[in-house]
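Since the structure comes first, as structure tokens, the remarks are kept for the end.
The values are calculated or read from the model by the stated rules, or taken from the named source; none is laboratory data. Computed from a prediction, not measured in an experiment: that's the story for all the values here. Positions of Cβ are backbone-derived with ideal geometry, glycine not excepted, and every protein chain shown enters the neighbour counts. In case anyone asks, the SASA skips ligands and DNA or RNA and just uses the protein heavy atoms, side chains included. Shrake-Rupley method; radii C 1.70, N 1.55, O 1.52, S 1.80 Å.
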Amino acid sequence: MFLDGFIETYGITDLVLYGDCRPLHHAAHGIARLRGCRIHVFEEGYIRPDFMTLERDGVNGNSTLSRDPDWYCAQAASLPPAPDLSPIPGSFERRLGETMRYHWLMTTRRVQFRHYRNHRPLNTPAEAAGWLWKWAKRPRDRSRSAAALRSLGDRPFFCLPLQLSSDAQIRIHSPFADMAVAIRYVVRSFARHAPADTVLVVKQHPLAADMVNYERIVCTEAKQAGAAARILYLERANIDMLVSRALGVVTVNSTTGTLALRQGTPTKVLGQAVYDIPRITHQGSLDAFWSHPVAPERKVYEAFCRVLRDRCLVYGGYHSDEGLDQLVEGSARRLLAEDNVAEPMPTLTAL
């Protein structure tokens, strides 16, 4: 009721959210829509790096973007050529410092905000323990991954990049309860239907630190499916290299899918993704994908990317002053451009 009263009292015309699936954001989205507010949602960029998403009404599985490939081709035909942009600088140390500050405030302000409930499934001590364990085993992971890549050699392979089970992309925009369920589904399909000379490479997410032993899950499922010799697990690897060499990429809805598509690699999506469009991704079943993966039509994918950049991507990033300056400038320009000049200047509130 607070937000409804706030919108009415102050004449709020626009609501800006970061993500639209957190419980409080979902509720705010509904109230704002009832009050006739325009809703703008930020998210990580559909195409990375160097871009953030800023889309009207919703993002990812809630996006209102078309799924018609001909629509993208028609829209792109009227757009100017996309400019060449310099890479946005970013600092891992800055990202690490901001993350640590976030968790420090979450811990120290708990008494002050006793009724606050975090949207993240793990609490700060559990996440900290996960990251300490991840840091401690880095040398082992690096060595094991290098050995696995050497054993792979030149054999043909498919790639399954893992995602974070805590992400809304898995919890809300996929048919799987978590990544363990997705792994079982993909491994069993691969074991039954993939050509006998192919390998499935499962790549750990670089930010995974939730204490789930995905390697054990992969190995157990591979053994039960009779495919232990044909499935490899990598803790660390260059994802660009993997997707460029792969026969195909299977993803729930990771943005790694757009990386694969950019390189012309056939991609099968199992959940909801804005890029899961006919003539861009494989539209047949996963079982059929292993033997007959369908590559993206470059013309359609390039049209899709041009429309994204025009409609819902903003140049910039969070992890450098230059990136933030670009992001703020581009976001303000996008927000103001979306308003009808006959309407009053928007009154923004952000959550």
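Considering each residue of the stretch 233-269, count those that are open to solvent by 30 Å² or more (accessible area, probe 1.4 Å) and either closer than 20 Å to Asp287 by Cα or of a type in the set (Phe, Trp, Tyr) (or both), and give that number.
1
Can you name the residue in the stretch 42-60 that is out of contact with any Cys (no Cβ under 6 Å at 6 or more places or on another chain) and acidic (Asp, Glu) and, of all such residues, is most open to solvent (accessible area, probe 1.4 Å)?
Looking at residues that are out of contact with any Cys (no Cβ under 6 Å at 6 or more places or on another chain) and acidic (Asp, Glu), I get Glu44.
Could you grab me the full set of residues in the stretch 1-57 that are hydrophobic (A, V, I, L, M, F, W, C) and touching a Lys or Arg at 6+ places or on another chain (Cβ under 6 Å)?
Ile7, Leu54
Taking Ser285 as meeting all but one of (1) open to solvent by 50 Å² or more (accessible area, probe 1.4 Å); (2) without any contact (Cβ under 8 Å) to a residue 40 or more places away in the chain; (3) over 22 Å from Ile183 (Cβ atoms); (4) not basic (Lys, Arg), write down the number of the exception.
Ser285 satisfies all of (1) open to solvent by 50 Å² or more (accessible area, probe 1.4 Å); (2) without any contact (Cβ under 8 Å) to a residue 40 or more places away in the chain; (3) over 22 Å from Ile183 (Cβ atoms); (4) not basic (Lys, Arg) except (3).
Only residues that are without any contact (Cβ under 8 Å) to a residue 24 or more places away in the chain and closer than 21 Å to Ala273 by Cα: list them for the stretch 148-177, please.
Residues satisfying the conditions are Asp167, Ala177.
Counting only residues that are among the β-branched types (Val, Ile, Thr) and part of a strand (DSSP E or B), which one in the stretch 268-287 is nearest to Ala148 (Cα to Cα)?
Val269
Specify the residue that is surrounded by the fewest Cβ atoms within 10 Å (Cβ to Cβ); the eligible residues are those in the stretch 1-41 that are in a helix (DSSP H, G or I), β-branched (Val, Ile, Thr) and out of contact with any Leu (no Cβ under 7 Å at 6 or more places or on another chain).
The initial filter retains those residues of the stretch 1-41 that are in a helix (DSSP H, G or I), namely 2-10, 23-34.
Filter once more, keeping what is β-branched (Val, Ile, Thr): 7, 9, 31.
Still in the list and also out of contact with any Leu (no Cβ under 7 Å at 6 or more places or on another chain): 7, 9.
Numbers: Ile7: 21, Thr9: 8.
Result: Thr9.
Have a look at Ala350, Ala337 and point out the one that is modelled with pLDDT under 90 and under 30 Å from Phe92 (Cβ atoms).
It is Ala350.
I'd like to know if the stretch 141-152 contains one or more residues that are at pLDDT below 85 and not β-branched (Val, Ile, Thr).
Scanning the stretch 141-152 turns up at least one residue that is at pLDDT below 85 and not β-branched (Val, Ile, Thr).
Among the numbered criteria (1) touching a residue at least 40 places away in the same chain (Cβ under 8 Å); (2) in contact with a helix residue (DSSP H, G or I) (Cβ under 7 Å, 6 or more places away or on another chain); (3) closer than 19 Å to Leu286 by Cβ; (4) open to solvent by 20 Å² or more (accessible area, probe 1.4 Å), which one does Ile217 miss?
So Ile217 meets the others, but not (1).
Can you give me the number of residues within the stretch 288-299 that are surrounded by 19 or more Cβ atoms within 10 Å (Cβ to Cβ) and assigned to a helix (DSSP H, G or I)?
Final tally of qualifying residues: 1.
Could you please let me know if Ile172 is under 29 Å from Glu43 (Cβ atoms), of a type in the set (Val, Ile, Thr) and either open to solvent by 20 Å² or more (accessible area, probe 1.4 Å) or in contact with a Ser or Thr (Cβ under 7 Å, 6 or more places away or on another chain) (or both)?
yes
Can you pull out the residues in the stretch 141-157 that are out of contact with any Lys or Arg (no Cβ under 9 Å at 6 or more places or on another chain) and either small (Gly, Ala, Ser) or closer than 30 Å to Ser63 by Cβ (or both)?
Answer for the stretch 141-157, where residues must be out of contact with any Lys or Arg (no Cβ under 9 Å at 6 or more places or on another chain) and either small (Gly, Ala, Ser) or closer than 30 Å to Ser63 by Cβ (or both): Ser143, Ala147, Ala148, Ser151, Gly153.
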